[in-house]
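The values are calculated or read from the model by the stated rules, or taken from the named source; none is laboratory data. Note that the structure is a prediction, hence the values are computed from the model and not measured. As a convention, Cβ positions derive from the backbone with ideal geometry for all residues, glycine included, and neighbour counts pool all protein chains shown.
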Amino acid sequence: MKPRTIQSIKLWWLLAAFLCGLAAAMIAEDLILDWKGQRLEFSAPRVHFLAGKPLQRLRNAAPVPFDFQITLWAGDRNHVFRRSAERFVVSYDLWEETFAVTRLQAPRKSTSHLSATAAEAWCLEQMPMDISGLSENQPFWARLEIRAQDFKDPVPLFGRGRVDESGISLASLIEVFSRPPQAAQMHLSVDTGPLTLDQLRRSRGHGS
């Protein structure tokens, strides 16, 4: 094989390795973790759940519940270290073209006059996770799952079929995620890891 051909192959493999590494880094950034004191905070700026059929319903003046679950594994993927879940009800103001969000679990909390991106970010901001007992060098993995409530009936134009905004327990929400999503149900899942708290501190410049 000619030296120039060998050099071309090496360059091609270097480029392929770089692109694979870049793709992996981009995927890892789908779910961003921030370590503050004894808690992890989460953000997912590349993940958009206010889209598709749920967004159509919102624009037809129907509120839509979204269920969120964050799972943390520690040591290996067989050991669930902690799990948290929340239900948020999103509504849309047709006149102002802004979103409002209510967190249903106690303490109930609401916000309004948000863009779609800000509404999505607000939901995750309400889900910091206590990581007391997780050592700085222990590997862990995190997964974010989001599901929209599955509506099979025709969308009412104004208000009929109102969403029940009563509180919901953590156990009830975890039970929701123990079942596979419906075929037509909007659902998203993003993972990150393995990571350690020490890596987070060094990569993002945060102390413990």
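Residue check, Thr111 against (1) touching a His at 6+ places or on another chain (Cβ under 6 Å); (2) at pLDDT 95 or above, all met but one. Which one?
Every condition holds for Thr111 apart from (1).
Can we say Ala106 is closer than 20 Å to Ile174 by Cα, modelled with pLDDT under 95 and exposed (fewer than 13 other Cβ atoms within 10 Å of the Cβ)? Can you show your working first?
Numbers: closer than 20 Å to Ile174 by Cα: yes; modelled with pLDDT under 95: yes; exposed (fewer than 13 other Cβ atoms within 10 Å of the Cβ): yes.
Yes, satisfied.
Can you tell which of Glu165, Glu96 is modelled with pLDDT of 75 or more, closer than 20 Å to Asn60 by Cα and part of a loop (DSSP other than H, G, I, E, B)? Before you say what the answer is, go through the steps one by one.
Details: Glu165 fails: modelled with pLDDT of 75 or more.
Criteria check complete, one pass: Glu96.
Identify all residues within the range 71-119 that are within 30 Å of Pro139 (Cβ to Cβ), in contact (Cβ under 8 Å) with a residue 40 or more places away in the chain and polar (S, T, N, Q); write none if there are none.
Across the range 71-119, the qualifying residues are Thr71, Ser84, Gln105.
Would you mention how many residues in the range 83-93 are more than 12 Å from Cys123 (Cβ to Cβ) and modelled with pLDDT of 95 or more?
Looking only at that region, the number is 3.
If you check Glu86, Glu125, which single one turns out to be farther than 24 Å from Ala184 by Cα and of a type in the set (Asp, Glu)? Give the derivation first.
On the way: Glu86 fails: farther than 24 Å from Ala184 by Cα.
After ruling out the rest, the residue left standing is Glu125.
For the range 37-81, name all the residues that are part of a helix (DSSP H, G or I) and either surrounded by 14 or more Cβ atoms within 10 Å (Cβ to Cβ) or over 20 Å from the mean Cα position of the chain (by Cα) (or both). First the steps, then the outcome.
Initially, the range 37-81 is screened for residues part of a helix (DSSP H, G or I), giving 52-59.
If the condition is that a residue be part of a helix (DSSP H, G or I) and either surrounded by 14 or more Cβ atoms within 10 Å (Cβ to Cβ) or over 20 Å from the mean Cα position of the chain (by Cα) (or both), then Lys53, Pro54, Leu55, Gln56, Arg57, Leu58, Arg59 are the ones that fit.
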